[in-house]
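The values are calculated or read from the model by the stated rules, or taken from the named source; none is laboratory data. The structure presented is a predicted model; accordingly, all values stated were derived computationally and were not measured. No Cβ is skipped: glycine too gets one built from the backbone with ideal geometry, and neighbour counts run over all protein chains shown.
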Amino acid sequence: MSVEEKMDSSRRQLLLATSVAGGAAAAATAVPFVASLTPSERAKAAGAPVEADVSKLAPGEMMTVEWRGKPVWILRRTEEMLASLPKLDDRVADPHSDKSEQPEYAKNETRSIKPEYLIAVGICTHLGCSPSAKFATGEESGLGADWLGGFLCPCHGSTFDLAARVFKSKPAPTNLVIPPHKYLTDTTILIGEDGTA
C-alpha cells in the first residue's frame, strides 16, 4: 500500500469517525428539542375536558367551571326563564345561532341539548370581557322595565338573554360561545368534548 493510499484510508476513517460523532451529537441535541415541542402534562390538563356535576344546582341557579382557562357557565333555567326566550326572538341579533360557529345542538331557541341547562363560555364576543348575571327582571334589574333577565357586559354594554343570545345593536358581534359538551349522566356534563369530532 502506497503512502497516498494510507493517507486516503486515514482520511476516510477520520471523516467517518467525525460524521458518526457529529450525527450522535445532532441526535442528542434533537431529542430534547423535539421533546420540548410536545405539550406538558400541565398543558394537556388545561385543554382536557372537564366534568361538571349539576345534581345540586337548583332551578334559577348558575355555577361556573373552568375549561381551557375560560369560565363556562352552567345555568339551570326555570320554566319562567325558558318561557321568556320566544318573546325575545325579534330583539336578539341571531335567534338560532346561524351567524356564528356553534355546535349543531346550539342552533335552536334554547341553544342547548337539554332546554333546562344553558352551557356557555362566559366571555363577551366583543373584546373578551366577562359579562355578569342580571337575572332580576323589569325595573329591579336596572336595565329597564322590559328586561326579562340575562347577562350584561359592563365594559361596553352588550346584553345577552338567558340563552346567551346577543341583543341587536350591541357591540358584541355574535352570541356567546357554546362549548362542545355532552351528558355522561342526567346530572354529569362533560365540557370540552361532544363526540362529533
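Report the residue count in the stretch 66-76 for those that are farther than 17 Å from Ser132 by Cβ and surrounded by 14 or more Cβ atoms within 10 Å (Cβ to Cβ).
Residues meeting the conditions: 3.
Modelled with pLDDT of 90 or more, among the aromatic types (Phe, Trp, Tyr) and not in a loop (DSSP other than H, G, I, E, B) - does that describe any residue in the stretch 69-81?
Among the residues of the stretch 69-81, at least one is modelled with pLDDT of 90 or more, among the aromatic types (Phe, Trp, Tyr) and not in a loop (DSSP other than H, G, I, E, B), which makes the answer yes.
Looking only at the stretch 153-197, which residues are part of a loop (DSSP other than H, G, I, E, B) and of a type in the set (S, T, N, Q)?
Answer for the stretch 153-197, where residues must be part of a loop (DSSP other than H, G, I, E, B) and of a type in the set (S, T, N, Q): Ser158, Ser169, Thr174, Asn175, Thr185, Thr187, Thr196.
With Lys99, Lys87, Lys6, Lys56 as the choices, which residue is at pLDDT below 95, part of a helix (DSSP H, G or I) and under 30 Å from Ile119 (Cβ atoms)? If you could, list the steps in order and put the result at the bottom.
Details: Lys99 fails: part of a helix (DSSP H, G or I); Lys6 fails: under 30 Å from Ile119 (Cβ atoms); Lys56 fails: part of a helix (DSSP H, G or I).
Within the list Lys99, Lys87, Lys6, Lys56, the selection yields Lys87.
Ser19 fails exactly one of the following numbered conditions: (1) at pLDDT below 90; (2) over 30 Å from Ile189 (Cβ atoms); (3) within 38 Å of the chain's Cα centre (by Cα). What is the number of that condition?
(3)
Could you list, in sequence order, all residues of the stretch 112-152 that are outside any strand (DSSP E or B), of a type in the set (A, V, I, L, M, F, W, C) and closer than 19 Å to Leu85 by Cα? Don't jump to the end; show me each part of the working.
The first filter runs over the stretch 112-152 and keeps only residues outside any strand (DSSP E or B), leaving 112-116, 122-131, 135-149.
Narrowing further to those that are of a type in the set (A, V, I, L, M, F, W, C): 113, 123-124, 127, 129, 135-136, 143, 145, 147-148.
Passing the criteria: Ile113, Phe135, Ala136, Leu143, Ala145, Trp147, Leu148.
Yes/no matrix, rows are residues, columns are (1) loosely packed, with under 12 Cβ neighbours inside 10 Å; (2) within 15 Å of the chain's Cα centre (by Cα); (3) within 21 Å of Val54 (Cα to Cα); (4) not charged (D, E, K, R):
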position	(1), (2), (3), (4)
Val121	no, yes, yes, yes
Cys124	no, yes, no, yes
Ser130	no, yes, no, yes
Gly144	yes, no, no, yes
Gly150	no, no, yes, yes
His156	no, no, no, yes
Asp161	no, no, no, no
Lys168	yes, no, no, no
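Which condition breaks for Met63 when tested against (1) modelled with pLDDT of 90 or more; (2) in a loop (DSSP other than H, G, I, E, B)?
The single condition Met63 does not satisfy is (2).
Ala43 fails exactly one of the following numbered conditions: (1) modelled with pLDDT of 65 or more; (2) among the aliphatic types (A, V, I, L, M); (3) not in a loop (DSSP other than H, G, I, E, B). What is the number of that condition?
Exception for Ala43: condition (1).
At positive phi and either of a type in the set (Asp, Glu) or without any contact (Cβ under 8 Å) to a residue 60 or more places away in the chain (or both): does that describe Gly149?
Numbers: at positive phi: yes; either of a type in the set (Asp, Glu) or without any contact (Cβ under 8 Å) to a residue 60 or more places away in the chain (or both): no.
The answer is no for Gly149.
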